[in-house]
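This report refers to the structure that appears directly beneath it.
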C-alpha cells in the first residue's frame, strides 16, 4: 500500500504530466492553425478545453474549442480581405469588420460561463496584434476572464496583499506564450505554459467540479 507521501508524489506527477500534455496540445493547436489544418486544430484545442473547463460536459468543452477555432479562422478571413498585392493593408485591417471574430469569442464565453468581456478583449487583442498597438493589455484581460472560468474562482488572482492591480501570473504566462509562438520558440512556449495548466489541475483536484450541460 502506498504511503501518504507516495500518494502525494504520484498525484503531483499526474498533475505535471497532464499540464505538460495540455501545454503541448495548445502549441499544436496554433501550429495546426498556422498550417490551415482546421480539424486538427479543433482536436488539439478541445483536448485543452476538456482539461481546463471541467465544470461543463466534454461535449460543451469541445464546442468551446470549435468556437475558438471559428474565431481564428474568422480573423484569417478578415486579414485576407485586406490583402493588397500580397501584403496586408494595416489601415484597412484596423477599419475592417471584426464582428464575426467577436461573435465566435462570445459564443465560446457563453458555453463555459465566462465573463462576456472576454469576447471584446480577445477581439481587440488580436486586431491590435496585427495592426500594431498595445495588444498585451487586452490579451491579459481576456485571459484573466478565461482563467477565472477554468478555476471557477471569480476572485482570481487572490493576492494576499500588494500588487492588487495586476492580472495574475498565469495570464502573463499566456501572453509570453503568444510572444514565443510569434518567434516559433515552441519548446519554450510549452515550458512557459505548463505551470499555467498545473494550477488549473491542482484546483480541480482540490475542488472536484460537477460537469453539466
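The values are calculated or read from the model by the stated rules, or taken from the named source; none is laboratory data. For clarity, every value in this text was computed on a predicted model and none was experimentally measured. Here the Cβ positions follow ideal geometry from the backbone for every residue, glycine too, while neighbour counts run over all protein chains shown.
Tell me, please, whether a residue that is modelled with pLDDT of 95 or more, within 18 Å of residue 146 (Cβ to Cβ) and touching a strand residue (DSSP E or B) at 6+ places or on another chain (Cβ under 9 Å) can be found in the stretch 20-39.
Checked the stretch 20-39: no residue is modelled with pLDDT of 95 or more, within 18 Å of residue 146 (Cβ to Cβ) and touching a strand residue (DSSP E or B) at 6+ places or on another chain (Cβ under 9 Å).
Among the helices (runs of 4 or more DSSP H) confined wholly to the stretch 81-165, which include 2 or more residues that are within 19 Å of residue 69 (Cβ to Cβ), in contact (Cβ under 8 Å) with a residue 24 or more places away in the chain and under 13 Å from the mean Cα position of the chain (by Cα)? Spell out how you get there, then give the answer.
On the way: elements: 90-95, 99-111, 117-131, 136-151.
Where helices (runs of 4 or more DSSP H) fall fully within the stretch 81-165 and carry at least 2 residues being within 19 Å of residue 69 (Cβ to Cβ), in contact (Cβ under 8 Å) with a residue 24 or more places away in the chain and under 13 Å from the mean Cα position of the chain (by Cα), they are 99-111, 117-131, 136-151.
Consider residue 70 against the criteria (1) part of a helix (DSSP H, G or I); (2) within 19 Å of residue 150 (Cβ to Cβ): it satisfies all of them except one. Which criterion is unmet?
Result: residue 70 passes all but (2).
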